[in-house]
Structures are given as structure tokens and as C-alpha cells.
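Please treat every number below as a calculation from the coordinates, not as lab data. Quantities reported herein were computed from a predicted structural model and do not represent experimental measurements. Virtual Cβ from ideal backbone geometry, glycine too; neighbours counted across all protein chains shown.
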Amino acid sequence: MRTVLKAAAAALATLVAGAALQVTTTGAAQAEWKDCPDRYVCLWGDGNYAGRYRFQPEHDLFVSNIGPAMNDLTTSIWNRTGRKVCFYNDINYQGQLLCLDGGGSTANVGAGANDRISSFQPF
Ligand SMILES: [Ca+2]
């Protein structure tokens with residue numbers, strides 16, 4: 001079965017050709033908790049795993065700049081990878097806000113981290 005990809009998704013897929021089924025997805029469209037794939041870190045713009053989102057695959061967890069679609073907008077996170085992931089206020093992993101162990105989640109990152117995340121990386 002072939003999948004038709006939009007141009008932007010195709011460009012991302014090229015970057016992760018080693019694992020063709022895992023691609024980063026991000027968007028202002030609504031997503032919910034059940035849309036988060038296994039072996040991804042999923043960030044949402046609203047509490048309780050809803051709203052705009054970024055779904056990042058386990059093989060590509062170094063995100064030095066989350067980009068304008070999600071910058072300073074994350075409120076809830078589900079880490080479905082097997083690795084600890086830490087989240088930062090600034091790009092390039094500066095200003096650590098919180099970390100989630102593999103399998104960890106938070107329906108609301110709290111006032112100290114809400115709408116601040118700009119980068120994240122695994123450990
Ligand atoms: Ca920030």
C-alpha cells in the first residue's frame with residue numbers, strides 16, 4: 001500500500017529514511033492522547049493531551065529548536081519512548097524545565113513550565 005504524502009511530510013520522510021514509518025508530525029490541527037504513536041514523544045498545546053501538537057519519533061529525539069508551530073506553546077506531554085527526555089525553556093537545551101522518564105506523562109506541565117518549552121533531548 002502506498003501512502004501519498006504532502007510536500008512537507010515528504011521532506012521530513014527523506015530526513016528519516018532509515019526508519020521510513022516514523023516521521024515527525026506537527027500542526028495547529030487538533031490531536032488527542034490516543035493519536036500519540038508508540039515510541040514517540042508527544043507534546044500538546046493544551047492540557048490533558050489536546051490541541052496543537054508535535055509527535056517526535058524515538059530515533060530522532062534531539063530537537064534543538066522546536067520551531068514556530070510549537071515554540072512556547074506546550075502544556076501536556078506523553079513520553080512513549082524508552083528513554084528519559086528533558087525539556088528546556090530556550091533553544092539548544094538551555095534552561096531545563098522538566099524531564100520525563102520513558103513511559104512518563106504529564107497532563108499539565110505546571111505554571112513553571114507552561115508555554116515555555118523550546119527544545120528537548122533524550123538521555
Ligand atoms: Ca521558551
For segment 56-74, indicate whether the set of residues that are more than 16 Å from the ligand (Cβ to nearest atom), in a loop (DSSP other than H, G, I, E, B) and aliphatic (A, V, I, L, M) is non-empty. yes
Looking only at segment 84-123, count how many residues are of a type in the set (D, E, K, R) and part of a strand (DSSP E or B). 1
Just give me the residues in segment 100-123 being hydrophobic (A, V, I, L, M, F, W, C) and within 16 Å of the ligand (Cβ to nearest atom), in sequence order. Val109, Ala111, Ala113, Ile117, Phe120
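Given the criteria surrounded by fewer than 19 Cβ atoms within 10 Å (Cβ to Cβ) and within 14 Å of the ligand (Cβ to nearest atom), does Ala50 qualify?
no
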Please work out if Ile77 is crowded, with 22+ Cβ neighbours inside 10 Å and either aromatic (Phe, Trp, Tyr) or outside any strand (DSSP E or B) (or both). no
Listed by first then second residue, the pairs whose first member lies in segment 85-110 and is in contact (Cβ under 8 Å) with a residue 60 or more places away in the chain, whose partner is within 16 Å of the ligand (Cβ to nearest atom) and β-branched (Val, Ile, Thr), with beta carbons under 7 Å and at least 6 positions apart or on separate chains, are Asn108/Thr75
